[in-house]
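Colleague: Following this message is one structure expressed as structure tokens.
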Amino acid sequence: MSTPRPLPTEIFAVIFGNLPRRDLYQCLFVSHLWHDQAEAQLYSAVTIDARETTHFQQLILTLKTRKQFLRRVEWRSHSQEDSDFEVDLLDIFLDYRPVVAGSAASVEDNVHYLPPSPVKTWRSLSCFRFPKRLWKRRTPSTLLEIQAAAPIQSDMPPTGIPGSPFLGPDRPALKHFTFTGDDPRGFLQEMVLFNLMSTTLTTLELHLVNDGQRLSYYVDLERILDTYPHLKDLCLDGPICQYEPIGRDKDSNHYYSSFASRSGPATLHRLEKFTFAPSMMSRRGTDAFTFLQRLGNLKRIRVRSGRSYSECAQGCRTWEFGQALKQHCPMVESVDIDGPAIFWIYGLPILPYDQTRHITSLADQTPAYMSLVPAELVQRMKEDRLRLQLLDQEQEELLEGKVAEPLFPQLKTLIFGQDHSLSFQDLFSLGVQAHYLTHLEINSLPTQSTEPWEVYDKDAPAAAATATMMHLTPTTNARTAILLENRRLQKRRPFTNGELIMFLQLCSGLRYLSLTGCGIPLETLVEGLITMASLSISGRTSNVRPWACEGTLETLKICIDVLPSHPAEFHASAWEHLGRFKNLRSLTVTCSSTSMKRMFLIPTLKFGVEGLFQRQEGGGMNETLEELQLMSDWWEASEGREMVLWLAKSCPRLRKLDLVYNFRFCEYGLRRMEKGGHDAFLEDEDVKQCSIRQINIQTIHN
Amino acid sequence: MTVILVSSDNQDFKVDKEVAERSILIKNMLEDVGESDSPIPLPNVTAAVLTKVIEYCEHHRNDPVQVPEETDDPRKRSNDIEEWDMKFMQVDQEMLFEIILAANYLDIKPLLDVGCKTVANIIKGKTPEEIRKAFNIVNDFTPEEEAQIKKENEWAEDR
């Protein structure tokens, strides 16, 4: 190179880190120097997939002599194709030399207790054509022998991995290991997992796919945590995962390994991110969640791969899990739940019977007007009234914020995916108490299943009781008793759209809000909609109560359902409300995927979309907006150009515009063929030259 | 508050402290030295290169400091370079590498990243011969060695 000085290795690493595989391959041939640097980069991140990789066999062969470059491995296992390469794959991943203390200041820090030599295991696995010599090479692994071995002298070469002990030229230094597959013979855990290079691994992901043949896959969580002390990100998920070691003593209550018993601040594990399936919360035994004692550094939790609520609800110990998390993991700041899982954000303690007076007294009341009601309707009316009063009382209690106890006081990020069971109580309490919440995504309405709403803290002493203990008058009938008991048990229920709006009026400090999947009807958003219509108000007074996050929100994704019969003023009202978010950088206004008709907010000038940018006091989102996504079905062919140019003029920082056409609703497909079709405006010179650099058209087909 | 930086060819550069502290090396030096007004010598950086580096730091003085994520998959990094940065990097190759080396020495990560991305963009899409031509590199492989490399790394050849 025409450089006066040679480039250091780490700069090569940064340059090559920006190159895709194809270009790295070309770099191999440039010169010896480039070859060595490119090779290190090429083999640092490898995907092993017998089905997708061409020349798979050759890759495996080459990897055997390139183990030292591996930092990130993603292994997508297909049991049939992999079986031919089993021995080779194991040769690549496994490391047989003893773990020796490195250069760390404290010997204790680097010496750790390896799991006992799996002599028993290899005999039982002798069904593999697996040469015994591989096992003989493994030296005995007791603590004493490790300490006796002479520590390697540490010259720290520039390996580029900060803080890692000197490992030697052939030593694998794997940091990220991801496995996706079904592992039908169950050899993954015993052989591969517990023999990977354990001191450097920081990410371990096991996604166990259900092959339809096994009912459950046993994962020994404690042992994995023990084996990998430097782990920061652990993912053990799959629909059939059971978090118990195989061969546990069925009668004993203490069959989880001793990981948790060595607790105390000095032995906190480094784990920060943990992903698991809902069956984790159904672990049995008194020490089911004691492993959390050592996970005080935990910051992010994700729950995945639940199969159904009926499964989740079986033996689910949500309350205990939540309490254990609250007690031992105070730094959790992110919770992400996708799919069926019964997970609570706030604890609602069950009221003991002697504290239910304020509830039962509601049932005792008989207001004077009841005497005017025909006798056969009185009971029904009383029940309805009681139900509403209980709701009000509950809401007031939650607004005070003293009853609901936060299980995650530091919560900043909360994500709910499909089929979730976020309750009204949790949502409301978030609005009232979650002071640090900045990122919220609710990607669907709460589930229709009944199981999650039947779960309560069954083990609390206050739960067990008989109806006679409650101060019920003899006239209380069965339905009323159920209402009162549900209130006492603080049973959760799904939230409604109206309650979602109430939450938004309460929750301040949000920066990212995504509510796609929860279509908000316009009537819920704009109060007094009917009065507006009946009085034919022509001025655009906004009847929408402000949302608490208007000053802080930077990203908003929302669906507002508007009936086609609503007049333009109603759309304008909604646009004006959206215009209140003065610091918005990204806005997406879309339709919910379940809407059957063209029920969304229309973004044209006729329907008041300029309300987005008109601020009397100035300083609206037109100054900050960078990305915009709109449903453009309603744009006539002629309107497209006008709209785009108007957007470009109003928002000088707008760089990205996504226009979504819902295929079902418009003849976009047909029109596109004709000249002057819907997207003809994209070819217009002015549109091409305008300040919006990226204009994308997306079609959706639901 | 201003600081004085001295290039390897003894030219003085007066810059605001805030701008100078985009370089972690200088930031640490200033913290160690404390209140002293003495100029900071930079023996590894010539005046021409230092001018460019200061220009970059001035333009980016208000950028938020990035926290490096260890779990970032390098392949997923975005390859977009800002318009201003792109124009800034339109220099001859020698200067480009000098800027990269200076950014490395002075520990200015964003400048290092932009420089390396620029070099990566030069490499992209070229055959080995074209790459050698672009960077004035001599081919030190024998045909047998080339064949061996091709054989061993066949899986990476994206067709």
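The values are calculated or read from the model by the stated rules, or taken from the named source; none is laboratory data. Just so you know, these numbers come straight off a predicted model, no measurement behind them. Every residue, glycine among them, receives a Cβ derived from its backbone with ideal geometry; neighbour counts consider all protein chains shown. These accessible areas exclude ligands, DNA and RNA; they are computed on the full protein's heavy atoms, side chains included. Shrake-Rupley method; radii C 1.70, N 1.55, O 1.52, S 1.80 Å.
Colleague: Check whether at least one residue in the stretch A:295-313 is among the charged types (D, E, K, R), more than 18 Å from A:VAL209 (Cα to Cα) and within 13 Å of the chain's Cα centre (by Cα), and report yes or no. Show your work before the answer.
Modeller: Let us first name the residues in the stretch A:295-313 that are among the charged types (D, E, K, R), namely A:299-300, A:302, A:304, A:307, A:311.
Now drop any that are not more than 18 Å from A:VAL209 (Cα to Cα), which leaves A:299-300.
Among the residues that remain, those that are also within 13 Å of the chain's Cα centre (by Cα) are: A:299-300.
Yes, the stretch A:295-313 has at least one match.
Colleague: Taking the stretch A:642-682 only, how many residues are modelled with pLDDT under 75 and open to solvent by 80 Å² or more (accessible area, probe 1.4 Å)?
Modeller: Total satisfying the criteria: 8.
Colleague: With the checklist (1) open to solvent by 40 Å² or more (accessible area, probe 1.4 Å); (2) at pLDDT below 85 in hand, flag the one item A:GLY285 doesn't pass.
Modeller: So the condition that A:GLY285 fails would be (1).
Colleague: So, A:ALA404, is that one among the aliphatic types (A, V, I, L, M) and touching a Leu at 6+ places or on another chain (Cβ under 8 Å) or not?
Modeller: yes
Colleague: So A:GLU685 ticks every box in (1) surrounded by fewer than 14 Cβ atoms within 10 Å (Cβ to Cβ); (2) modelled with pLDDT under 75 but one. Which box is left unticked?
Modeller: Failing condition for A:GLU685: (2).
Colleague: Do you know which residues across the stretch B:19-51 are part of a helix (DSSP H, G or I) and under 25 Å from B:VAL91 (Cβ atoms)?
Modeller: Across the stretch B:19-51, the qualifying residues are B:VAL19, B:ALA20, B:ILE24, B:LEU25, B:ILE26, B:ALA47, B:ALA48, B:VAL49, B:LEU50, B:THR51.
Colleague: Is the stretch A:440-447 home to any residue that is crowded, with 20+ Cβ neighbours inside 10 Å, of a type in the set (Gly, Ala, Ser) and not in a strand (DSSP E or B)?
Modeller: Among the residues of the stretch A:440-447, not one is crowded, with 20+ Cβ neighbours inside 10 Å, of a type in the set (Gly, Ala, Ser) and not in a strand (DSSP E or B), which makes the answer no.
Colleague: Please verify whether A:ILE350 is under 30 Å from A:GLU441 (Cα atoms) and at pLDDT 90 or above, treating the condition exactly as stated.
Modeller: No: the conditions fail for A:ILE350.
Colleague: From the residues in the stretch A:303-358 that are in contact with a Leu (Cβ under 7 Å, 6 or more places away or on another chain) and of a type in the set (D, E, K, R), which one is least open to solvent (accessible area, probe 1.4 Å)?
Modeller: The residue in question is A:GLU333.
Colleague: Exactly one condition in (1) under 30 Å from A:HIS230 (Cβ atoms); (2) at pLDDT 90 or above; (3) more than 10 Å from chain A (Cβ to nearest Cβ) is not met by B:PRO64; state its number.
Modeller: Among (1) under 30 Å from A:HIS230 (Cβ atoms); (2) at pLDDT 90 or above; (3) more than 10 Å from chain A (Cβ to nearest Cβ), the lone unmet condition for B:PRO64 is (2).
Colleague: Okay, next question. Looking at this structure, is A:PRO446 of a type outside the set (Asp, Glu), modelled with pLDDT under 90 and within 23 Å of A:GLN395 (Cβ to Cβ)?
Modeller: Spelling it out, A:PRO446 is indeed of a type outside the set (Asp, Glu), modelled with pLDDT under 90 and within 23 Å of A:GLN395 (Cβ to Cβ).
Colleague: For B:ILE108, only one of the following conditions fails: (1) in contact with a Lys or Arg (Cβ under 9 Å, 6 or more places away or on another chain); (2) within 11 Å of chain A (Cβ to nearest Cβ). What is its number?
Modeller: Just one mismatch for B:ILE108, condition (2).
Colleague: Restricting to the stretch A:39-93, give me the number of residues that are among the hydrophobic types (A, V, I, L, M, F, W, C), touching a Phe, Trp or Tyr at 6+ places or on another chain (Cβ under 6 Å) and at pLDDT 80 or above.
Modeller: 7
Colleague: Sticking with this structure for a sec: Tally the residues that are outside any helix (DSSP H, G or I) and either on the phi > 0 side of the Ramachandran plot or at the interface with chain A (Cβ under 9 Å from one of its Cβ atoms) (or both), restricting the search to the stretch B:111-157.
Modeller: Of the residues in the stretch B:111-157, 12 are outside any helix (DSSP H, G or I) and either on the phi > 0 side of the Ramachandran plot or at the interface with chain A (Cβ under 9 Å from one of its Cβ atoms) (or both).
Colleague: Are any of the residues in the stretch A:589-602 surrounded by 18 or more Cβ atoms within 10 Å (Cβ to Cβ), modelled with pLDDT of 85 or more and not in a helix (DSSP H, G or I)?
Modeller: To start, the set of residues in the stretch A:589-602 that are surrounded by 18 or more Cβ atoms within 10 Å (Cβ to Cβ) comprises A:589-592, A:599-602.
Now restrict to residues that are modelled with pLDDT of 85 or more: A:589.
Retained after the next criterion (residues that are not in a helix (DSSP H, G or I)): A:589.
Scanning the stretch A:589-602 turns up at least one residue that is surrounded by 18 or more Cβ atoms within 10 Å (Cβ to Cβ), modelled with pLDDT of 85 or more and not in a helix (DSSP H, G or I).
Colleague: Is it true that some residue in the stretch A:379-402 is in a loop (DSSP other than H, G, I, E, B), under 19 Å from A:CYS507 (Cβ atoms) and either open to solvent by 70 Å² or more (accessible area, probe 1.4 Å) or modelled with pLDDT of 85 or more (or both)?
Modeller: For the stretch A:379-402, residues in a loop (DSSP other than H, G, I, E, B), under 19 Å from A:CYS507 (Cβ atoms) and either open to solvent by 70 Å² or more (accessible area, probe 1.4 Å) or modelled with pLDDT of 85 or more (or both): present.
Colleague: Hey, any hits in the stretch A:252-264 for a residue that's surrounded by fewer than 21 Cβ atoms within 10 Å (Cβ to Cβ) and modelled with pLDDT of 85 or more?
Modeller: Within the stretch A:252-264, not a single residue is surrounded by fewer than 21 Cβ atoms within 10 Å (Cβ to Cβ) and modelled with pLDDT of 85 or more.
Colleague: Right, another one. Hey, among the residues in the stretch A:21-51 that are over 19 Å from A:GLU10 (Cα atoms) and more than 8 Å from chain B (Cβ to nearest Cβ), which one's most open to solvent (accessible area, probe 1.4 Å)?
Modeller: A:ARG51
Colleague: A further question follows. With B:ASP113, B:ASP107 as the choices, which residue is acidic (Asp, Glu), open to solvent by 40 Å² or more (accessible area, probe 1.4 Å) and under 16 Å from A:PHE12 (Cα atoms)?
Modeller: B:ASP107
Colleague: Okay, moving on. Among the candidates A:THR54, A:THR65, which residue alone is within 8 Å of another protein chain (Cβ to nearest Cβ) and open to solvent by 30 Å² or more (accessible area, probe 1.4 Å)? Before the answer, list the steps.
Modeller: On the way: A:THR65 fails: within 8 Å of another protein chain (Cβ to nearest Cβ).
Only one candidate passes the filter, namely A:THR54.
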